[in-house]
Amino acid sequence: MDPDEVDAFLRDSMKVQVATVNPDGSPHLTTLFYVVEDGRIAFWTYGSSQKIKNLERDPRITCLVESGEDYFELRGVSITGTAELVRDEDGIRRIGSAVASRMVGGADLGEVGAAEVERQVAKRVGVVVTPAKVASWDHAKMTRRS
């Protein structure tokens, strides 16, 4: 995919698989909802989670966003980079609100949704991924003729 296609794919997708490095060197893999913020993947998660413990020790991260069921439908973007941990409440609130809004199709969260985000801010950490390497693929292009 070209850079515009990668950007569109990331903005159209909802879930990201996130890999961090466990203390023994093995991968720790989870799936989260995310947003694209200033061209970078951002998400929030519980501060006590294994992925945050791993990122505190080693900021390396790989993110995978993929789609497709059949071989010629497979598309994806893999981003390898470093994670910036966002611990200030305004930053956590910003990321959490954006993720929550995206989870409900971009709808206004209203008072109830905003209160739920606020309730979770103290428990959460934001993560913003700075890419070092981006790889992408679109198997549908294999069947197109030039």
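Values for this structure:
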read-out: Test result for Val16, closer than 28 Å to His139 by Cα and in contact with a Leu (Cβ under 7 Å, 6 or more places away or on another chain); value: yes
read-out: Near pairs, Cβ below 7 angstrom, 6+ apart or cross-chain, from segment 1-27 (over 14 Å from Gly76 (Cα atoms) and open to solvent by less than 60 Å² (accessible area, probe 1.4 Å)) to any residue that is part of a loop (DSSP other than H, G, I, E, B) and of a type in the set (Asp, Glu); value: Val21/Asp58
read-out: Residue pairs meeting the criteria (Cβ under 7 Å; at least 6 apart or on separate chains; first open to solvent by 50 Å² or more (accessible area, probe 1.4 Å), in segment 29-41; second among the polar types (S, T, N, Q)); value: Leu29/Gln17; Thr31/Gln17; Arg40/Thr130
read-out: Subset of segment 77-93 (residues that are within 24 Å of Gln50 (Cβ to Cβ) and in a helix (DSSP H, G or I)); value: Glu89, Gly91, Ile92, Arg93
read-out: Failed condition for Ser48, given (1) open to solvent by less than 30 Å² (accessible area, probe 1.4 Å); (2) not in a helix (DSSP H, G or I); value: (1)
read-out: Any hit, segment 94-102, residues being among the charged types (D, E, K, R), assigned to a helix (DSSP H, G or I), at negative phi and over 16 Å from the mean Cα position of the chain (by Cα); value: no
read-out: Residue among Ala140, Ala114, Ala132, Ala107 that is part of a helix (DSSP H, G or I), under 21 Å from Ala8 (Cα atoms) and either open to solvent by less than 90 Å² (accessible area, probe 1.4 Å) or at pLDDT 95 or above (or both); value: Ala140
read-out: Any hit, segment 122-141, residues being out of contact with any Ser or Thr (no Cβ under 9 Å at 6 or more places or on another chain) and polar (S, T, N, Q); value: no
read-out: Of the criteria (1) within 18 Å of Met14 (Cβ to Cβ); (2) modelled with pLDDT of 95 or more; (3) hydroxyl-bearing (Ser, Thr, Tyr), which one Ser97 fails; value: (2)
read-out: Residue check, Leu64 assigned to a strand (DSSP E or B), open to solvent by 60 Å² or more (accessible area, probe 1.4 Å) and out of contact with any Gly (no Cβ under 6 Å at 6 or more places or on another chain); value: no
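The values are calculated or read from the model by the stated rules, or taken from the named source; none is laboratory data. Values in this document were obtained by computation on a predicted structure and should not be read as measured data. Quick reminder, even Gly has a Cβ in these numbers, built from the backbone with ideal geometry, and neighbours come from all protein chains shown. Side chains included, ligands, DNA and RNA excluded: accessible areas come from the protein's heavy atoms. Shrake-Rupley method; radii C 1.70, N 1.55, O 1.52, S 1.80 Å.
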